[in-house]
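Scroll down for the structure; my scribbles are underneath it.
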Amino acid sequence: MRLRLIPKETSIDFFKKWRLWLGFSAFMIVLGFVSFMFQGLNFGIDFRGGTTIRTEATISVDTGTYRDALAPLDLGDISITEVFDPAFAEDQHVAMIRIQAQDGGEAISGEQITEIQSALNAVVPDIKFVSVESVGPKVSGELIQTAVLAVVLAIGAVLIYIWLRFEWQFAVGAVAALVHDVVLTIGVFSELQIKFDLAIIAALLTIVGYSLNDTVVVFDRVRENLRRYKQKPLAEVLNISINETLSRTLMTSVTTLLALIALFVLGGDVIRGFVFAMIWGVVVGTYSSVFVASTILLWSGVTRDWSKKNKPTGNQFADIDA
C-alpha cells in the first residue's frame, strides 16, 4: 500500500480566497519590515567585525567544552567550529574561534587574548594559538554590501531566465514569489533576533533556488495546459496545473523538511541558524509557489498564442469574484 500525502487527483480551487492569501502575505511583509526598521538584524561576527583565533591541540575538539571555558570571560558573541582537513595528522585537531569586536573596537586586546588562552589551557593543556586575525568594521561593511549584491543579482538572473524561457508575466510572478520569500526570511530573523551571518546569506541563495524550482515546475505545467485547454479561463487552467503538480510539490517539501528537522535537532549550534533559515524557506517557498506566483500570473494574464505575442486582455479575476 502506497503512502500518499494527498489523493492522486485533486480539484482544489486555489484562487477562491486569493485576497486572503495576498492579504496574509502583505501583512507578514509589513510586520517583517516594521521589525527590521525598529530592531534591525542581529548581525553575527561576519558583519560586525571581531577576532578570529586558530587553535591546535592533540586531543579532539569539543566545542561545548571550549564554549563553557570562555563563558566566564563575557566576550559576547563567540563562534567555535572544528576544522577538518585530510592533510592533518591523526593527533592534529584544529578549531576556529571567532569573537565579536569589543566595545566598538576592531579587535580584542592583548590582555584578553592572554585570558582566552589561559581559560582554554585549563581544559586543553597543550592547546596552541596558531594565528590571531582581526576583521574591522570596514571589512564587515564590505561583506554586507557584497551579500546584498549577491542576493539582488541572483533574483535578477532569475528574472531574465524566466523571461526568456516563458513570458514576462511568468517572470513577474516568479520574481514576486522570490522577493516574497527573501523578505519574509529576513523579517523572521529580525523579529526573533536570530544571529544573521554569512551562513544565512548562503541559506537565502539556496531558498531562492529551491523556490524557483517549485515555481518553474508549476509554470511548465501551466504552459502545457494553456496549449491543451485553449478555451478554458486562465484561472481554471492554473487550478488544473497546480492540482496536477501538488503531489510532487508537497512530497519534495516534506522529504526536504524531514532532513532539515533532523539537522536542526542533532546538528548543534554551529549550523542551527542556517538550518532554521532553510526550514522557514522551504515552507514559505512552497506557499509562494502555489499562492503568490500563480496569483500574480493570474492578475497579469498570459498570451495564449506565443507566435503572435498578443497582449492579455480582460479582468482575470472577474469570474472568480462573480
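The values are calculated or read from the model by the stated rules, or taken from the named source; none is laboratory data. Keep in mind that this is a model prediction, so the values were computed, not measured. Cβ atoms come from the backbone with ideal geometry, glycine included; neighbour counts cover every protein chain shown. Accessible surface areas use protein heavy atoms only, side chains included; no ligands, DNA or RNA. Shrake-Rupley method; radii C 1.70, N 1.55, O 1.52, S 1.80 Å.
Of these, VAL151, VAL188, VAL135, which one is at pLDDT 85 or above, hydrophobic (A, V, I, L, M, F, W, C) and within 26 Å of GLY40 (Cβ to Cβ)?
Criteria check complete, one pass: VAL188.
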(message) Quick check on LEU178: is it aliphatic (A, V, I, L, M), assigned to a helix (DSSP H, G or I) and open to solvent by less than 30 Å² (accessible area, probe 1.4 Å)?
(response) yes
(message) Among the residues of the stretch 46-59, are any open to solvent by 50 Å² or more (accessible area, probe 1.4 Å), of a type outside the set (Asp, Glu) and within 28 Å of THR185 (Cα to Cα)?
(response) yes
(message) I'd like to check something: does the stretch 200-207 contain any residue that is under 22 Å from SER289 (Cα atoms) and open to solvent by 50 Å² or more (accessible area, probe 1.4 Å)?
(response) yes
(message) Of everything in the stretch 75-101, what is within 17 Å of ILE53 (Cβ to Cβ), among the charged types (D, E, K, R) and without any contact (Cβ under 8 Å) to a residue 40 or more places away in the chain? Give them in sequence order.
(response) GLU82
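Inside the stretch 241-255, can you point out the residues that are under 19 Å from the mean Cα position of the chain (by Cα) and buried (at least 16 other Cβ atoms within 10 Å of the Cβ)?
THR249, THR252, SER253
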(message) Looking at the structure I just gave you, is LEU258 touching a Lys or Arg at 6+ places or on another chain (Cβ under 9 Å), at pLDDT 85 or above and either in a helix (DSSP H, G or I) or surrounded by fewer than 21 Cβ atoms within 10 Å (Cβ to Cβ) (or both)?
(response) no
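Give the residue that is modelled with the lowest pLDDT, with candidates limited to residues of the stretch 79-113 that are open to solvent by 80 Å² or more (accessible area, probe 1.4 Å) and out of contact with any strand residue (DSSP E or B) (no Cβ under 7 Å at 6 or more places or on another chain).
Restricting to residues being open to solvent by 80 Å² or more (accessible area, probe 1.4 Å) and out of contact with any strand residue (DSSP E or B) (no Cβ under 7 Å at 6 or more places or on another chain), the top hit is ASP103.
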